[in-house]
1. Output the residues belonging to the stretch 149-170 that are at pLDDT 95 or above, more than 9 Å from ILE112 (Cα to Cα) and touching a strand residue (DSSP E or B) at 6+ places or on another chain (Cβ under 8 Å).
2. Please find, within the stretch 89-142, the residue that is nearest to the chain's Cα centre (by Cα) out of those that are of a type in the set (Ser, Thr, Tyr) and over 16 Å from ASP2 (Cα atoms).
3. Considering only residues that are more than 15 Å from the chain's Cα centre (by Cα), buried (at least 16 other Cβ atoms within 10 Å of the Cβ) and closer than 26 Å to MET103 by Cβ, which ones fall in the stretch 36-82?
4. Considering only the stretch 37-53, state which residues are in contact with a Leu (Cβ under 7 Å, 6 or more places away or on another chain) and at pLDDT below 90.
5. Could you tell me whether the stretch 101-110 includes any residue that is among the aromatic types (Phe, Trp, Tyr) and at pLDDT 95 or above?
6. Do you know which residues across the stretch 12-36 are in a helix (DSSP H, G or I) and either aromatic (Phe, Trp, Tyr) or at pLDDT 80 or above (or both)?
7. Which one of the conditions (1) hydrophobic (A, V, I, L, M, F, W, C); (2) loosely packed, with under 13 Cβ neighbours inside 10 Å; (3) within 20 Å of ILE45 (Cβ to Cβ) does LEU142 fail to meet, given that it meets all the rest?
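The values are calculated or read from the model by the stated rules, or taken from the named source; none is laboratory data. These numbers come from a predicted model, not from an experiment. Here the Cβ positions follow ideal geometry from the backbone for every residue, glycine too, while neighbour counts run over all protein chains shown.
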Amino acid sequence: MDISIAILCGGRSRRFGRDKTLYNYHGRPLYMHIYEILSPLTDDIFMQCGKKDTATYRTKSYNDDYLDIGPLGGIYSAIKNSRHSRTLIVGCDMPNINDKLVMHMAKFDADIVVPIWKNGYYEPLCAIYSKKVFPSLEYRILTGDLKISSLFDEFKIKKIKIESLIEQGIISPDLFKNINRIDDI
């Protein structure tokens, strides 16, 4: 596929109690579990890190340009570092991610392709962003508007209904369950 994939690993893991990206999940670090699932889909996959030492990871890694501003800084830096015009952003704490979802999302031509629940809640940390959103991301960062969903009103967006994906068998009901605490494992 002609997309880059950035695995966000910039969080502080406060609720987890230690760096969850390195937690041994089914015999390998959590980030590597996700990396191995998604790497066959692209020639450009990397870890997008906050303040972490990028040498920690056995993969291509970049540090965020803006620190301590939440996931918007990671999305901004990931798009800046990606080689392709579209970038799948995925959190490092989503071990149930699958390639079928990514391939389904990549079919749509939009500035942002984002899964959405029936209740209107988006999954912005498992979405595809076009480089077209980059200037707006930078503007939002510089002006302190750090809410990701505020981008969704500004660009051509394709909303993917999560319940429909579950019904079609494209994803499991727990795909978007992320690991925030040790008991989430």
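1. Passing the criteria: ILE160, LYS161, ILE162, LEU165.
2. Going through the stretch 89-142, the residues of a type in the set (Ser, Thr, Tyr) turn out to be 121-122, 129-130, 136, 139.
Imposing the further condition that a residue be over 16 Å from ASP2 (Cα atoms) reduces the set to 121-122, 136, 139.
Numbers: TYR121: 16, TYR122: 12, SER136: 18, TYR139: 20 Å.
For the stretch 89-142, the residue satisfying everything is TYR122.
3. Within the stretch 36-82, just TYR57 meets the criteria.
4. Within the stretch 37-53, GLY50, LYS51 meet the criteria.
5. Taking the stretch 101-110 first, the residues among the aromatic types (Phe, Trp, Tyr) are 108.
Those still in the list that are at pLDDT 95 or above too: 108.
Checked the stretch 101-110: at least one residue is among the aromatic types (Phe, Trp, Tyr) and at pLDDT 95 or above.
6. To start, the set of residues in the stretch 12-36 that are in a helix (DSSP H, G or I) comprises 20-22, 30-36.
Within the stretch 12-36, TYR31, MET32, HIS33, ILE34, TYR35, GLU36 meet the criteria.
7. Every condition holds for LEU142 apart from (3).
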